[in-house]
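Read through the structure below, which is laid out as structure tokens, and then see the notes.
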Amino acid sequence: MFCSLVQFALHQLKIMDLLLNQSFLFIVILLMAIGLAVPNPDNEKKRVVNKPLSDEQHYGDDAEHNVDYDHEAFLGEDEARTFENLTPEESKKRLGEIVDKIDKDNDGFVTQKELQDWIQFTQKRYILDDVDRQWKSHNPNKKEVLTWEDYRKVTYGLTDDLENADESNSDDLSYKDMIARDKRRWEVADTDDDDALNEKEFANFLHPEEAKHMQDVVIQETLEDIDKDKDGKVSLEEYIGDTYGGAGKNEDEPDWVRSERDQFMNFRDKDKDGFMDKEEVKEWILPPDYDHSEAEARHLIFESDSNKDQKLTKDEILGNYDLFVGSQATDFGESLMRHDEF
């Protein structure tokens, strides 16, 4: 979770192979520009890379445990929704199949490491699917590597004539800027410096937020996106304007915008000079190390490990299936019981 909004849109649309010609590309850019005028509180989550495993709160203000967080962390958001509509019997059956996948060494136990690896996999499953789809789309001949020129032609459908483009033409400049940014990111992803990417390097190119050696690219692109006056730093109004189209206008701001202003002044701007420099941008989008998947794995084991041996059997997991996956039928049954007791 992290890059240019326009670039982000382009890479998402590449998934569907929609970038077929130049005119469509500019329609996409125009629509994205229009979209930026709409308040978007979710943009903060897209910028921050090391974010929680679910949009749900794990514990409420009253410290009450919210199992929906665990469901999304363990299954992924889309799969968690599927399990909500299953009966307890079907939930347990499918959970049992998942446990067999998690237990990589087939010793009958799920360790913290195995559980952590599974949680990381579910959180990145959409990325893995995206990389696989785009790799096949850009590399139909199934070569071991994809060259920069092949990628550029497939993605932008342009010829070398663009190098001699009229700089007064803003459309040409937009293309040149986007290609230059892609090329810069490509070169960082190209760890063996052969001007071509294998599938792993291509994954880092498409999703630089997932690779540690790509962090500087993520920071630089974020800074370029938000720094509208190109002075190398982010002002308060630029920070607010990244998520709120009404920044700087005479109108009542939503509560979340006022909260973001407080965040900037009290936490983002460390030296209180009124700006975020590159290091402060880094601390914002790449917060200090905290492994959410490790914390969740520890939590699930603590809650389910009946004999306290720091690992889980299939029976221990299935016995706590409502914690791991839940089901609509379980919630409905509990509501019936509450009604009877009332």
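Read the figures in this text as sums done on the coordinates, not as results from a lab. Just so we're clear, the structure is a prediction, and the values are computed from it rather than from any experiment. Here the Cβ is made from the backbone with ideal geometry for all residues, glycine too, and neighbour counts use every protein chain on show.
Let me make sure I get this right: for the range 63-117, a, b and c are the square roots of the gyration tensor eigenvalues over alpha carbons, sorted descending. Under 1.5 in a/c it's rounded, otherwise prolate if a/b > b/c, else oblate. Which is it? Could the numbers behind the result be given before it?
Details: a/c = 2.15, a/b = 1.34, b/c = 1.60.
Note, shape of the range 63-117 comes out oblate.
Going down the table (LYS200/LYS230; LYS104/LYS200; LYS143/LYS212; LYS113/LYS270; LYS143/LYS183), which pairs top 24 Å between alpha carbons? List each step's numbers first, then the result.
Numbers: LYS200/LYS230 33 Å; LYS104/LYS200 22 Å; LYS143/LYS212 26 Å; LYS113/LYS270 36 Å; LYS143/LYS183 20 Å.
In this structure, LYS200/LYS230; LYS143/LYS212; LYS113/LYS270 exceed 24 Å between Cα atoms.
So for the range 101-163, what percent of the C-alpha to C-alpha distances run longer than 18 Å?
Numbers: 1146 of 1953 pairs.
I get 59 percent for the Cα pairs in the range 101-163 exceeding 18 Å.
Under the 0.36 nm per residue contour assumption, what length would be gained going from the current alpha-carbon distance of ASN85 and ASN141 to full extension? Show your work: numbers first, answer last.
On the way: separation 56, 0.36 × 56 = 20.16 nm, distance 4.12 nm.
Result for the pair: 16.0 nm of gain on full extension.
Please list, in order, the residues from the range 192-229 whose amide nitrogen is less than 17 Å from a point placed 7 Å along the Cα→Cβ vector of SER174.
225
With θ set to phi - 60° and the Karplus curve 6.51 cos²θ - 1.76 cosθ + 1.60, what are the ³J(HN,Hα) couplings of the range 175-180 in order, to the nearest whole Hz, using x for Gly and Pro?
4, 4, 5, 5, 5, 4
Once you list every other residue whose beta carbon is under 10 Å from the beta carbon of GLU201, what net charge do they have if Lys and Arg are +1 and Asp and Glu are -1?
On the way: positive: LYS200; negative: ASP190, ASP192, ASP194, GLU199.
Value of the local net charge: -3.
Per the Kirkwood definition applied to all pairs of different Cα atoms, how many angstroms is the hydrodynamic radius of the range 258-315?
Values: mean 1/r = 0.0684 Å⁻¹.
Hydrodynamic radius (Kirkwood, Cα pairs) of the range 258-315 is 14.6 Å.
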